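Q: Before I ask anything, let me first share the structure, which is written out below as structure tokens.
The values are calculated or read from the model by the stated rules, or taken from the named source; none is laboratory data. Note that this is a predicted model, so its numbers are computed, not measured. Positions of Cβ are backbone-derived with ideal geometry, glycine not excepted, and every protein chain shown enters the neighbour counts. Only protein heavy atoms, including side chains, enter the accessible area calculation; ligands, DNA and RNA are left aside. Shrake-Rupley method; radii C 1.70, N 1.55, O 1.52, S 1.80 Å.
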Amino acid sequence: MVAFSNDPIPVDQLPRLRDDDFVAVDPRYLRGWLAGLALAAVVAVAVGSVVAAFVDQPLIPAAIAAVVLLGLAVAATLWVMELRRLGYQIREHDLSLRSGVIRHSVETLPFARVQHVNVTRGPVERLLGLATLDVSSAGPDITIPGLSEAEAARIKALVTERAGALEDDPHDDARDDACDDAHGDDPDVADDAS
């Protein structure tokens with residue numbers, strides 16, 4: 001049996017997720033999203049023009065169309081900023097996702113917690129040759145959109161392989177047994193190995 005230890009680790013010795021190690025999503029994802037916004041803008045202008053032609057006060061539909069266009073422009077700007085920040089990083093034992101424009105977020109999912117990995121492709125993604133990787137876990141899930149089909153398949157295979165290898169790892173069982181021994185039979189102590 002392996003002896004359980006839980007010594008403190010100085011914060012400056014913790015591994016770091018470096019920003020330059022994150023991989024950006026495929027640029028086609030941004031182009032597809034912006035094309036959708038452009039289509040929405042064309043529809044807004046067309047509807048505003050048609051309605052303005054048939055009403056006594058054409059300024060009101062024009063103002064509404066202008067507000068919609070302004071909203072679409074703001075959405076496009078925020079989305080460009082989001083996609084410049086959106087990235088993923090695969091390390092030896094985990095997968096991380098960086099996102100957020102206003103509220104920056106970095107989520108890390110250890111392979112030992114992975115329960116299911118899925119690649120999905122909606123109609124627009126299929127048209128652009130893209131896919132979304134969904135990684136389900138015992139805790140929060142990670143979804144990485146805007147991957148090329150091949151990249152999504154490679155990452156899925158890697159995550160599935162690593163999660164399966166950890167499931168078969170005898171050292172992992174020894175750690176779990178050590179945690180159980182350290183906690184004893186106290187039901188108020190949560191078993192959290194993360």
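Q: Under 8 Å for C-alpha pairs, at least 6 residues apart: give me the relative contact order for region 86-169, rounded to a whole percent.
A: Once normalised by length, the contact order is 24 percent.
Q: Highest first, please rank the peptides 3-16, 34-47 by the mean number of other Cβ atoms sitting within 10 Å of their residues. Intermediate results must be reported in sequence, preceding the final value.
A: Details: 3-16: 7.1, 34-47: 13.6.
The packing order, highest mean first, is 34-47, 3-16.
Q: Would you mind checking the tilt of helix 149-167 against the longest principal axis of the Cα atoms of the chain, expressed as 0 to 90 degrees and rounded to 10?
A: On a 0 to 90 degree scale, this one is about 20.
Q: Could you check how much of the accessible area of region 96-142 is carbon and sulfur, as a whole percent, using a 1.4 Å probe?
A: 54 percent
Q: Same structure, new question: For region 1-147, what relative contact order do you get, as a whole percent, if you take Cα pairs closer than 8 Å and at least 6 residues apart?
A: Computed over region 1-147, the figure is 21 percent.
Q: Put one equal scatterer on each alpha carbon of the chain, apply the Debye formula with no solvent term, and list log10 I(q)/I(0) at q = 0.09 1/Å to two decimals.
A: One equal scatterer on each Cα of the chain leads to -0.53.
Q: Something else about it: May I ask you to compute the full-extension gain from His104 to Val50, defined as 0.36 nm times their residue separation minus their alpha-carbon distance, rounded to one decimal in nm?
A: Working it through step by step, the gained length comes to 15.3 nm.
Q: Carbon-plus-sulfur fraction of the accessible area of region 1-49, 1.4 Å probe, in percent? Kindly include the intermediate steps, with their values, before the conclusion.
A: Values: 2400 of 3810 Å².
Here it works out to 63 percent.
Q: Starting from the Cα of Ile9, step 7 Å along the direction of its Cβ; do the same at Ala38; then give the gap between the two resulting points in nm.
A: 4.7 nm
Q: Given a 1.4 Å probe, how much area per residue of the chain is accessible, in Å²?
A: Details: 12630 Å² over 194 residues.
Per residue, the chain has 65 Å² of solvent-accessible surface.
Q: Enter the angle in degrees (range 0 to 90, nearest 10) between the Cα long axis of helix 170-183 and the first principal axis of the Cα atoms of the chain, meaning the one along which they spread out most.
A: It is inclined by approximately 80 degrees.
Q: What FRET efficiency comes out for the pair Val124/Glu82, r = Cβ-Cβ distance, R0 = 25 Å, nearest 0.05? Spell out each step's value before the answer.
A: On the way: r = 17 Å, r/R0 = 0.69.
That gives a FRET efficiency of 0.90.
Q: When the Cα centres of region 29-68 and region 133-153 are compared, how far apart do they sit, in Å?
A: So the two Cα centres are separated by 34 Å.
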